[in-house]
Amino acid sequence: MRKLLFVLPLVLFWACGQKGNVSIEGKIDNAEGKTLYLDHLHVASTTTVDSVILDEEGRFEFDLNLTQPEFYLLRLSNGKLLTLLAEENDNMLVYSKAENMNKKYIVEGSKGSKLVKQINDTLNVTKAKVAAIRKQLEEKKNDADFSTVSQNLVAEYIEAIQAQRKFSIDFIMQNATSLASYMALYQKIDEDTFTLNENKDIQFVKIVASSMRALYPEHEYTKAILANYKTLEKRMSNLNIAKMIEEKGASFPEIKLPDTNGKDVTLSSLKGKFIVLSFWASQDPNSRKQNKTLKKIYDKYKSKGLRIYQISVDQDEELWKKAIKEDKMNWTNVCDPENGSSYAVRLLNVQRVPANYLIDQRGEIVGKDLFARRLEEKVAEYVK
């Protein structure tokens, strides 16, 4: 009965006539006197196309003429908003409340908008889980059993991130012909973490880009995703990752450099283990700070199969060896002091230090330039 009463207001606003081929109407509770804007959401900007001052019942109606799918925002003057995906001949009904427009709302009469709601609702759940885990980590950092507690919480964190990534992939594969998949590609869990955050996820950009190019060749979102795919493809090529993904690790990057005893050690000698391939310099403060993090992670996960292959770009052999001793780095350390390990730097297009690549047990690069907590989270995901 409660669900029926919640949906009932939608039925009251069923359109009697249309001025355009798309109608958007409904009711926003607790919004009397506020202005409701209809914004057209472009790739890098928004434009307001209509607005209405809501009466005591919060009713509104907008009409559009569309020839292709477009993203729109319903935005209140208090800053609250929700996203819609309007398509030709949609008769859209929306019901929400002013205080939490995008969190709890109903939309009917628009397949695209229901898909957008699905991906946003799922992401909101994941964000809440991640926020709760981070809060617990902060609250328990001084507990005596923090090591055990943190390990369990990090495992929960990884599970939540992976579940969100799987959802995004499944969503894209099932809805590749919808513009909603464009949104799914670029969702973020936080400012630094995309839901699709692995190098091999470029394949899903390609899938959506190909679909959009076939269906809407002149759409601004099509042009944007094609440009993004081209940039990603070039970057992958520069890093020699594209071939590794395509061949599933058959082209393991080969590096051979001398260790502190002058003995050549190859990166491939660690194949089959999870490897942190790290670049650093003994006189770089950030590199030395990163060494402390690596030491902590290595001591925690070395018994489970973690290996570190660390390449110095130093050209002073004594400073390099001194730093290794000072930082108590008991893993594979290599360097070619004569030219600053330039071959390895060029091979992986290293632009600055510290830098790192994460290589899984199959020889695939699964992460790049992850530091501090994010590095440990990624290691924990693969080393169990």
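The values are calculated or read from the model by the stated rules, or taken from the named source; none is laboratory data. The structure presented is a predicted model; accordingly, all values stated were derived computationally and were not measured. Cβ: placed from backbone, ideal geometry, glycine included. Neighbour counts: every protein chain shown. Side chains are part of the model used for accessible areas, which takes the heavy atoms of the whole protein and leaves out ligands, DNA and RNA. Shrake-Rupley method; radii C 1.70, N 1.55, O 1.52, S 1.80 Å.
Of the residues that make up the stretch 292-309, is at least one among the polar types (S, T, N, Q) and under 18 Å from D259 (Cα atoms)? Break it down into steps so the answer makes sense when it comes.
The initial filter retains those residues of the stretch 292-309 that are among the polar types (S, T, N, Q), namely 293, 303.
Checking which are under 18 Å from D259 (Cα atoms) leaves us with none.
No, there is no match, as no residue in the stretch 292-309 is among the polar types (S, T, N, Q) and under 18 Å from D259 (Cα atoms).
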Of the residues that sit in the stretch 107-128 and are surrounded by fewer than 16 Cβ atoms within 10 Å (Cβ to Cβ) and aliphatic (A, V, I, L, M), which one is farthest from Q187 (Cα to Cα)?
-> A128
Name the single residue, out of those in the stretch 282-322 being of a type in the set (A, V, I, L, M) and touching a strand residue (DSSP E or B) at 6+ places or on another chain (Cβ under 8 Å), that is farthest from Q361 (Cα to Cα).
-> V313
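Before we move on, is K325 under 18 Å from K378 (Cα atoms) and either part of a helix (DSSP H, G or I) or not basic (K, R) (or both)?
No.
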Go through the residues of the stretch 314-330 one by one and say whether even a single one is farther than 24 Å from N199 by Cα, in contact with a helix residue (DSSP H, G or I) (Cβ under 7 Å, 6 or more places away or on another chain) and surrounded by fewer than 17 Cβ atoms within 10 Å (Cβ to Cβ).
-> yes
Taking the stretch 80-104 only, how many residues are open to solvent by 10 Å² or more (accessible area, probe 1.4 Å), under 25 Å from the mean Cα position of the chain (by Cα) and more than 26 Å from P217 (Cβ to Cβ)?
-> 6
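Of all residues in the stretch 172-195, count the ones that are touching a residue at least 12 places away in the same chain (Cβ under 8 Å), in a loop (DSSP other than H, G, I, E, B) and within 22 Å of S113 (Cβ to Cβ). Outline the logic, then answer.
In the first step, residues of the stretch 172-195 are kept if they are touching a residue at least 12 places away in the same chain (Cβ under 8 Å); the result is 172-173, 175-185, 187, 189-190, 192-193, 195.
Restricting the remaining residues to those that are in a loop (DSSP other than H, G, I, E, B) gives 175-179, 187, 192, 195.
Narrowing the set further to residues that are within 22 Å of S113 (Cβ to Cβ) leaves 175-179, 187, 195.
Counting residues in the stretch 172-195 that are touching a residue at least 12 places away in the same chain (Cβ under 8 Å), in a loop (DSSP other than H, G, I, E, B) and within 22 Å of S113 (Cβ to Cβ) gives 7.
Would a scan of the stretch 132-151 turn up a residue that is touching a Phe, Trp or Tyr at 6+ places or on another chain (Cβ under 7 Å), open to solvent by less than 60 Å² (accessible area, probe 1.4 Å), closer than 30 Å to G33 by Cβ and touching a residue at least 12 places away in the same chain (Cβ under 8 Å)? It would help to see each step written out before you state the result.
Initial filter on the stretch 132-151 (touching a Phe, Trp or Tyr at 6+ places or on another chain (Cβ under 7 Å)): 133, 140.
Remaining after also requiring open to solvent by less than 60 Å² (accessible area, probe 1.4 Å): 133.
Retained after the next criterion (residues that are closer than 30 Å to G33 by Cβ): none.
No: the stretch 132-151 contains no residue that is touching a Phe, Trp or Tyr at 6+ places or on another chain (Cβ under 7 Å), open to solvent by less than 60 Å² (accessible area, probe 1.4 Å), closer than 30 Å to G33 by Cβ and touching a residue at least 12 places away in the same chain (Cβ under 8 Å).
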Scanning the stretch 333-365 residue by residue, those surrounded by fewer than 19 Cβ atoms within 10 Å (Cβ to Cβ), under 17 Å from G262 (Cα atoms) and touching a helix residue (DSSP H, G or I) at 6+ places or on another chain (Cβ under 8 Å) turn out to be P337
Going through (1) over 28 Å from the mean Cα position of the chain (by Cα); (2) at positive phi; (3) at pLDDT 90 or above one by one, G305 fails only at (1)
Among the residues of the stretch 28-42, which ones are closer than 30 Å to K223 by Cβ and surrounded by 15 or more Cβ atoms within 10 Å (Cβ to Cβ)?
-> Y37, L38, D39, H40, L41
